[in-house]
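What follows is one structure encoded as C-alpha cells, with my remarks underneath.
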Amino acid sequence: MKVAVLSKWVFLLVVNVLLLAVSIFLFSFGSEGLAIVTLMLLALIDFAVINPKGYPYRYTIPAMFFLLFLTVYPVYFTIKTAFTNYGTGHLLSREQVVEALLQEYVSKPGVEPFSYRVFIKMEDFKPTDKFLLLFSRNGELYLSSPPVVETRDSKGNVMRAVGNYEKVVQDQCILEGETYRIIHSFKNPEELLAIERVRGAGSEKFTYFFSFDDPATLPNQRFFISNIYLNYLSGAEWLNPLLPTVRFGSQYGFRKIVEAERKYRLDTLTVPENGEVVTKTVFINTDTGNMLDERDGFFYDRDASGKLITVAGYTSFVGLKNFTQMLGDPRLSRPFLRIFWWTLTWATLSVLFSFTIGLGLALMLNEKGLAGKTFYRTLLILPWAIPSFISVLVWRNGFFNETYGIMNKIILGQWFGIDPVRWLGDPFWAKAACLIVNTWLGFPYMMTVSLGALQSIPAELYEAASMDGAGPVRRFRKITLPLLMTSVAPLLVGSFAFNFNNFVGIYLLTQGGPEMPNSITNAGSTDILISYTYKLAFEGSRGQNFGYAAAITLFIFLMVVGISAINFKISGTFEEVNR
Amino acid sequence: MIRRKRYWPHHIALAIILVVVLFPLFWVASTSVRRDNAAFSNKILGNRYTLQNYVDLLFPAQNLPVVFNDMTNILNLSEGYAEKTQQQLEKKLDKDIARVNQQLDRSEEFFDDMDTRIDKISSFLEDQKSTAMAAFLESKPSQSQLLLQVSEAARQRSQQNHSSVYRSMLLSSLEGGEDSEKFLPLFQQEFPELYNAFTAAQTQVQVFLDSLDPAWSQWETTLAQDPEALTLLQQARERTEALFGQMDFSYSRWFRDVSVKLLNPIGNRVDSLFAETIQSSWEEMVTFCKDTAREVESSWEQYTSAVSEQKQTLSAQSQGEYLQPIQEYEQLQNSIASLQNSLLQKQLEADELLSQQNTNEERLVFLTSQILSNASFFNDTLPLLSSIDTTEPQPSTDPFFAGKVETAFSNLQGIHDFFAKNRGTLLSISSAPEFSRNMDSLLTSLEQWLPNKDAVLEHGGNAAIRDTMGVLLATNQSILLSLEDVRETMAVLEEQRAQVAGVTQQKQALQDQLSSATSRLPELEQQWVAARASEEFASLSLGVFLLSQQLLEITTFPQAASWVNTYQDFLDDHALRAQEMNLSFSPSCNDVLLAWDLHSFVESYTLQKANIKERVGLIRSKLAAFDQRKGVYLSLKLSGATIQALELSEIQDLYSSGYESYSAVLNRIARKANDFSQMEEFGSIRSSLRFIDKQLFYFLQMWEKKPEQKFLMWLVNSVLVAGISAAATVIVCALGAYPFSRMRFPGRRNGLLFLLLIQMFPTVMGMIALYTLLQIMGKYIPGMGLDTLGGLIFVYMGQVAFNMWLLKGYFDTIPDSMEESAMIDGATRFQTFWRIVLPLARPILAVIFILVFFGTYSEFVLARIILQRPDNYTYAVGLQSFSNGPYQMEWGLFTAAALLGAIPMLIVFLSMQRHLVGGLTTGAVKG
C-alpha cells in the first residue's frame, strides 16, 4: 500500500517537473498556445491523481493528451489566426522581422574586398580547428581572431559571430592582448609561412594552410570549408574601433572578405502621439538616413523619388477585418457567397441523388422473392468499398480527361457520336462531373442504410394497405416514406454535413474547378468552402492568406454546428448526454 | 388467388444498373493489363495483354538504365556510397557489370529467337510475292485498258468547258523528264503539227547521226593502236548520240562536254603519236562533228520555237478561259472580307459615338433638371408679387437695388427665352413626363413673374420683397452657370448628332458595297468551280495515262510494288475526281500492296536488328574497357580528385541515343506485327507474328527507363501507419470512453458536449498548427518530427473525439450489473474494465479499428504536407504522383497501382460490412 502511494507521488512529481519545464521552454520559444495546452494537461493530470473525485479522469488522460495537442491546440490556433493577418507578406512575427532587418548588410560599392589567408595550428601533422585569419588589401595586412559565436539558428548553423581584427605593423600585431608575429620564408620573403603567438615562455605556431587565391593550397579547401568556414565563419563579422567592419558577404561568399555595414539600425525616438509623448524604437536606413514607416503590419521605406517601398511585413492583429472583408469587400465577398451557395447546393444535391438511387435500389432489392439478393448487394457495394481517393483519381484521369478520357473519346465520341464535352473546363460541366462522381461514391451507403430501415418496417402494414385498396405508389408514399424518414433522417442530415465538408470529392477531381474570373484569390467554380480555405492557406499562388482562411474556417464551423444541432435534435442525441 | 410475382423487370433493371455502376472498375482492371498505352489508343479494350505493370510496381526490375545509373552513382560516390571502402565499391561494380552483361546477352537471345520466326515469315512472304505478282501480271492488260478509258473520259470532261487547260498541261509535261516520252501518243493526238515537227526534227537528227557513223568507225580502227584514245573516242560517240537525241540540245553544251573534254585530248594524242596526215584528217573530223552539231541544234531550234509559239497561244487562251475567272473570284472574296471588316469597324465607331451621345444627353437632362427644380421657387413667390400691388410703394434703401433687379430680371428673361426656344429640342431628348411638366411650369411661372419688374422696383423696401430678391440674386448666379453648361452640352450634342449621322451614312455606303459584291459572288463562284473542275480532270487524265503507260513496263515485284504505291498516292490526291470517274484499286493491287507491307516489315526488322547488335557490341567493348580501369578510377575518386569515367559516360550516351532511335521504330514494328496478326491473309504466320510482338515488348522493357517509384515501400508505410494509429486509437478511446459511460463526475456532461463540438471543427487550418508542432517535436524527439512516419502516426491520433462517442454509446448498451457484481467480489474498477467490459465490447472495437484504419489509409492531405521524401510516402500520397506530373498518361501503371492498393481494402471491407453498418447505427444514433 505504501509503495503504491509513494510511487503515485513520485510519478506526480516527475510529470509535474517535466511538463512545467516543457511549458516554460515553449513560452520562451514563442508558442504560447502550445505552452498553455501543456499547462492544461498538467492541471488535468494533477486533478486526476490528487483529487479522489478526479478518479475518472485518470482513464481519460491519454485521450486528453492527444485531444489537447491535436485538436484543441489547432482550434485555438485557428481562432487566433482568424484575427490576424498571418499570410504571405506577414509570415514572421515582429521580433523575427526586426532581427532579419538587422541582419541585412550592404557592402559599400567601389570598395575593394580583402583577400585572406588561413593559418591553422597543426597537431601530429593533422590540422585542428584552431585557426587565425590574415586579411590583406593593397599590401596591408590585418590579423583577426576566431569570432565568438553569438546566435545559431534552429539547425545549428552560425547566424552571428563577432571577432576583432587589428592591423599588422612590421610583422607584429597585438590582438586581444596577445602578441603575434609573422614568419616569412627566407628564400622568398613574399611567402608567409606561419604566425607565431608569443605567450610568455612558449609559443604556438599557426601554419599557413589555405588561401582562395593560392592554387597550391587547393587540396585543403575541403577541410577549410567543412570544418572551419561552416562551423565558425559563415555569419561572422570582425570589428575594429578605427577600421570599418568586415565580414564574408553574399557577393563573394567564402572567397573574399568585404567591408560591410548594417543596412538598418535601431534608434529611439520621442514623438507626440495621440496627445501623449511616447518613446518608440524605429529603424533608420543607415544609407539614406530615412526613418522606416511602420503601418498596417508593414515596414515602408522611401526611395530616391519619395515613393513608398515595402521592406518587410509581419503578422499583426487586425481585429475583425477578416470577417468584415468576407462579407463586405465585394472582391472577396462575391466569390465567397458564390462558393457558399454552391456548397449548399452541392451537399443537398449529393444527398438527394444518392439517396434517390440508393432508395430505388433498396426497394428493388427488398422484394422477398428476388433471387440473388446478396450477389447484387455485394456487387453494388463495391464503389463504397474502394478508398474514395482512388476512385476519384480514376474518374478524373481516365474518364473526364478532355482529350484522352474515356467519356469524351469513346463513350460520347464513338458510341453516341456527340461532340466532346469540356468536363473539367466548363463551370457547369465541372459541377456535373463532381455530382456524378459523388453520387457514384455515395449511393451504396444510402442503399445499405435504406435496406436496413426498410427491413424494420413490418410487412403487415403493407398487407393491410393493399387489402384496403392502396396501389404501390400510395403504399410507398404513405407507409414507406414516413417510416423510413424517422430512422434515416439523421443519417441524411449527417450525410449532408459530411458532403458540406467533402474535401476529397471536390479537390481531387477538379482542384476547385475552372477559375472564377475576376477573383483576387484563386477561387474556382466548383470550390466548396473547405477546399477554398485549403487553397487560400496552402496554394496561394497570389499569396497565402491564413488569416482569411481561418475566418472562413470559423464560419464553416458555425454552419456545421448548426446543421448538427438540427440533426441531434431529430435523433435525440442530446438526451444521451443527460443520461 | 396467389400469383407468382414476376421479377424479370427487376433483374433487367438491376443488371443494367450494375453494368453502368461497375464499368469504371472493369475499365481499371482491363487497362492495367494492357500492353499499349491506353491513353493514346482509340479502343476501349486492348488485345495485347501483359502483367508487366504489376511486375513493375511490385518487383521493380533492375534493368539496364537502372544499372547504368547505379554504376555512375558508385563512381561519383553519391547516394550512400560515400562511406564505403574501395573493396566494397569494387565488388558492387563487379556485380553491376555482370548484370549488364547478362542483360545484353538476353537482348541478343531475344533477337535470335525472333530470327527463327522471321525466317518463317520470309518464306511465307516469298509465296505471297509470287502469287501476288502472278495475279498482277495477269490483270495487267485489263487494268491498263481501264486506265486508258478513264483517262480518255477525264480528258473529255476537262476539254468540255475549257479546252486550253488540258492542252497546256500536256505541253508542259512533255518538256524533259524521263516520263515525257510516255506522253508521245497523246502528243500526237492533240498537237498533230507539233508532233510532226517533232518527228521531222527527230528524223533529221537521226540522219545527221547516221552521217557521222562511218566517220566514227573509221577513226575507231585508226586509233585502235592507242587504247586511251580509243576509249575517249567511244565515250565521245556515246555522248554525242545521247545529246543529239534531246530536244533541248544546245551546241555550247555539246561543245563543252564532247569537244573540249573528249575530242581535244584525242587531238593532242594524235598530234603526239601519229603522222601529220592523220593529224590533219583528225582536224577535218572535228570540224565535221562541229558542223553536224550546229545543224542538229538548228533542227531542234525550229522545233522548240514552234513549241513556244504554241505555248504562248495556249497561255493567252487559258488566261482568258479559266485563269481569269479564278483570279476574279479570289479577288472578290478578299474584297468581301475587307468590306466586312470595315463594316464591323464602322459599327464599333457608331456604337461608341452613340454611347457618348447617350452620356451627354443624360448630362443635359441632369443639368436642366437642376435649373427646372427652381421652378417651385417662382411658383411660391408669385402670390407675394401679386399681393404687393395692393400695398403702398416702398422704395429700397439699397442704391444698387435697382441695378440688381435689372440684372436679375434680364437674366430671368434670358432663361425664359432659352427654354422657350429650345423646348422642342429638349423634349426630344427626354420624353419623361415630369421633365416636360417641370419645364412648362417653369415657363409659365416665369411668364407671370417677369412683368412684375416695376412693382418690385417700387416696393424694394418691403422686407419680404427684399428677402425674395436676395434669394433670387443668390440663386441667379448658379442658374446662370448651369445655363452655360447646358448651352455647351447642347452644342456638343449637336456636333455628335452630325457625327453619328455621318457614320451612319458611311455604314450604309459600305453595306451597299458589300451587298453588291456578295450578289456577284455566286456567279463568279460558279465559274471558279467549273474552272477548277476542268483543271482537276485534266491532271487526273494525264496522271492516269502516265500510270497506264508505266504499268505496261512492269515485270518484277519491286517495280509492281512501287507502281501500286504511286497509284495509291495518286488516288489519295485526286480522291474526289477519281471517285466521280469510278476509279479505284483493284484486288490484285491490294495483294501486291499487302505483300509489300510485309516485305518492308521484314526489312525494317532486319535493319534494326543489325543496328542493335552493333550497339550491343559497342557497349560490351566499352564495358570491358571500363572493367579493366575501374580500380584506378575508384582509387582516384576516393582520394578526392574529380574524375569522370570516360567509358561510362560513353556507355550512357550509347544507351540514350540508341534507345531514343530504336524504341520508336521497334514499337512501330511490334504494332505492325499485331495488326498483321489480325488479318485473315496472314493466318498461317499468326503465331510467329504474335511471338515477335511479345518479344519486342519484353526486349524494350529491358531497356526502357521506368518511372521512379517505390510502390511496395509506400504500401508498407500505409499499412504500418494505419495499423499502428488504429490500434493506438482503439486503446486510448476505450480507456477514455469508459468513465463517460460508467461514472458520473463533475464535468462529464460538459465533457461530452465538448467532445461533440470539437469533432466538428474543420481541421484544414489546423494543419499549419500541426506542422509547427511537429517541427518543434522533431528537434527534440528523434523519429517524431516532420517527414517521419512517427510524426504522422502522432498526428493521426487526433481522431479520438469521434470514436469516443461511438464507444460510449456502445458501452451504454452493456449492462453494468456484471461489473457491480465483480466489484462486490473485490475487483477494482480498472480490473472490471479490463477483464469484463473490453472483451464484451470486442465487436465495436473491431469496428473502430477498421474505421480508423480506413480513414488513415485514405488520408492524404495531412500526409502530403508532413511527408517530404519519397521513401516516406504513404500509398495515398504516392498514388498522386502517378496521376499528376510526367506520368499522368501512364494509365497502365496508374490503374495497376490503384487496383493493388484498393484490393486489400476491398476484401477487408466486404468481409466486415455487416459489422460496420451495425456498429455505426447502434453506437452513434438512437432513433
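The values are calculated or read from the model by the stated rules, or taken from the named source; none is laboratory data. Everything numeric here is computed off the predicted structure, so don't read it as measured data. Note that each Cβ is placed from the backbone with ideal geometry, even for glycine, and that neighbours are counted across all protein chains shown. For the accessible areas, the whole protein counts, side chains as well, though only heavy atoms, and no ligand, DNA or RNA atoms are used. Shrake-Rupley method; radii C 1.70, N 1.55, O 1.52, S 1.80 Å.
So for region A:362-375 (the condition being at the interface with chain B (Cβ under 9 Å from one of its Cβ atoms) and in contact (Cβ under 8 Å) with a residue 60 or more places away in the chain), does at least one residue qualify?
As a first pass, look at region A:362-375 and keep what is at the interface with chain B (Cβ under 9 Å from one of its Cβ atoms): A:364-365, A:367-372.
Remaining after also requiring in contact (Cβ under 8 Å) with a residue 60 or more places away in the chain: A:365.
Within region A:362-375, one or more residues are at the interface with chain B (Cβ under 9 Å from one of its Cβ atoms) and in contact (Cβ under 8 Å) with a residue 60 or more places away in the chain.
From the list B:F183, B:F198, the lone residue that is closer than 30 Å to B:V564 by Cα, crowded, with 16+ Cβ neighbours inside 10 Å, in contact (Cβ under 8 Å) with a residue 12 or more places away in the chain and over 45 Å from the mean Cα position of the chain (by Cα) is B:F183. Within this structure, B:L25 passes the test of being surrounded by 11 or more Cβ atoms within 10 Å (Cβ to Cβ), modelled with pLDDT of 85 or more, within 11 Å of another protein chain (Cβ to nearest Cβ) and closer than 17 Å to A:I390 by Cβ. Restricting attention to region A:486-514 and to residues that are within 27 Å of A:G398 (Cα to Cα) and at pLDDT below 85, the residue that is nearest to the other protein chains (Cβ to nearest Cβ) turns out to be A:G512.
Does region A:368-383 contain any residue that is touching a Lys or Arg at 6+ places or on another chain (Cβ under 6 Å) and surrounded by fewer than 19 Cβ atoms within 10 Å (Cβ to Cβ)?
Yes, because at least one residue in region A:368-383 is touching a Lys or Arg at 6+ places or on another chain (Cβ under 6 Å) and surrounded by fewer than 19 Cβ atoms within 10 Å (Cβ to Cβ).
Here A:A497 clears all of (1) touching a residue at least 12 places away in the same chain (Cβ under 8 Å); (2) in a loop (DSSP other than H, G, I, E, B) except the condition numbered (2).
B:T606 satisfies every condition listed in (1) in contact with a helix residue (DSSP H, G or I) (Cβ under 7 Å, 6 or more places away or on another chain); (2) touching a residue at least 40 places away in the same chain (Cβ under 8 Å) except (1).
With respect to B:A154, is the statement that it is over 17 Å from B:D248 (Cβ atoms) and of a type in the set (A, V, I, L, M, F, W, C) true? Spelling it out, B:A154 is indeed over 17 Å from B:D248 (Cβ atoms) and of a type in the set (A, V, I, L, M, F, W, C).
Of all residues in region B:790-835, those satisfying the criterion of being of a type in the set (F, W, Y) and closer than 15 Å to A:T71 by Cα are B:F794, B:Y796, B:F802.
For B:V55, the conditions (1) among the β-branched types (V, I, T); (2) closer than 30 Å to A:I386 by Cα; (3) in contact (Cβ under 8 Å) with a residue 60 or more places away in the chain all hold with the exception of (3). Within region A:284-297, no residue satisfies the criterion of being part of a strand (DSSP E or B), open to solvent by 50 Å² or more (accessible area, probe 1.4 Å) and either under 19 Å from A:A260 (Cβ atoms) or in contact with a Ser or Thr (Cβ under 8 Å, 6 or more places away or on another chain) (or both). For region A:39-63, the candidate set comprises residues that are more than 11 Å from chain B (Cβ to nearest Cβ) and open to solvent by less than 30 Å² (accessible area, probe 1.4 Å); within that set, the residue that is farthest from A:K80 (Cα to Cα) is A:V49.
Of the residues making up region B:797-807, those that are facing chain A (nearest Cβ under 8 Å) and either closer than 13 Å to B:L755 by Cα or not in a helix (DSSP H, G or I) (or both) are B:G798, B:V800, B:A801, B:M804. Does B:M823 satisfy the criteria of being open to solvent by less than 10 Å² (accessible area, probe 1.4 Å), farther than 19 Å from B:A722 by Cβ and either hydrophobic (A, V, I, L, M, F, W, C) or in a helix (DSSP H, G or I) (or both)? So B:M823 fails the test.
Within region B:781-788, not a single residue is within 7 Å of chain A (Cβ to nearest Cβ), among the β-branched types (V, I, T) and either surrounded by fewer than 21 Cβ atoms within 10 Å (Cβ to Cβ) or outside any loop (DSSP other than H, G, I, E, B) (or both).
So that you can scan it fast, the table gives a plain yes or no per residue for (1) of a type outside the set (G, A, S); (2) open to solvent by 30 Å² or more (accessible area, probe 1.4 Å); (3) closer than 24 Å to B:Q317 by Cα:
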position: B:A530; (1), (2), (3): no, yes, yes
position: B:E535; (1), (2), (3): yes, yes, yes
position: B:S539; (1), (2), (3): no, yes, yes
position: B:V544; (1), (2), (3): yes, no, no
position: B:Q550; (1), (2), (3): yes, yes, no
position: B:E553; (1), (2), (3): yes, yes, no
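Among the candidates A:T486, A:T480, the residue that is assigned to a helix (DSSP H, G or I) and either crowded, with 18+ Cβ neighbours inside 10 Å or touching a strand residue (DSSP E or B) at 6+ places or on another chain (Cβ under 9 Å) (or both) is uniquely A:T480. Across region A:318-346, the qualifying residues are those that are open to solvent by 10 Å² or more (accessible area, probe 1.4 Å), among the β-branched types (V, I, T) and assigned to a helix (DSSP H, G or I), and the one among them that is farthest from A:G505 (Cα to Cα) is A:T324.
Going through A:I506, A:I520 one at a time, which residue ends up being of a type in the set (A, V, I, L, M) and either surrounded by fewer than 22 Cβ atoms within 10 Å (Cβ to Cβ) or in a loop (DSSP other than H, G, I, E, B) (or both)? Exactly one residue qualifies, and that residue is A:I520. When B:L385, B:L372 are checked against the criterion of being under 15 Å from B:N438 (Cβ atoms), touching a residue at least 24 places away in the same chain (Cβ under 8 Å) and surrounded by 18 or more Cβ atoms within 10 Å (Cβ to Cβ), a single residue qualifies: B:L372.
Restricting A:V5, A:V15 to those that are open to solvent by 60 Å² or more (accessible area, probe 1.4 Å) and out of contact with any Lys or Arg (no Cβ under 6 Å at 6 or more places or on another chain) reduces the list to A:V5. Per the listing B:I74, B:I44, B:I12, the residue uniquely out of contact with any Ser or Thr (no Cβ under 7 Å at 6 or more places or on another chain), over 30 Å from B:L900 (Cβ atoms) and within 14 Å of chain A (Cβ to nearest Cβ) is B:I12. Quick check, is A:V394 more than 10 Å from chain B (Cβ to nearest Cβ), surrounded by 16 or more Cβ atoms within 10 Å (Cβ to Cβ) and either in a loop (DSSP other than H, G, I, E, B) or not basic (K, R) (or both)? Here the answer is no, as A:V394 does not meet what is asked.
For region B:596-615, the set of residues classified as buried (at least 18 other Cβ atoms within 10 Å of the Cβ) and closer than 14 Å to B:Q103 by Cα consists of B:I612, B:R615, listed by residue number. Considering each residue of region B:732-748 in turn, at least one proves to be within 12 Å of chain A (Cβ to nearest Cβ), assigned to a helix (DSSP H, G or I) and under 25 Å from A:F389 (Cβ atoms). Scanning region A:345-361 for residues that are without any contact (Cβ under 8 Å) to a residue 40 or more places away in the chain and among the aliphatic types (A, V, I, L, M) turns up just one, A:L352. The set of residues in region B:300-315 that are in contact (Cβ under 8 Å) with a residue 12 or more places away in the chain, open to solvent by 50 Å² or more (accessible area, probe 1.4 Å) and within 18 Å of B:P192 (Cβ to Cβ) comprises B:Q302, B:T304, B:K311.
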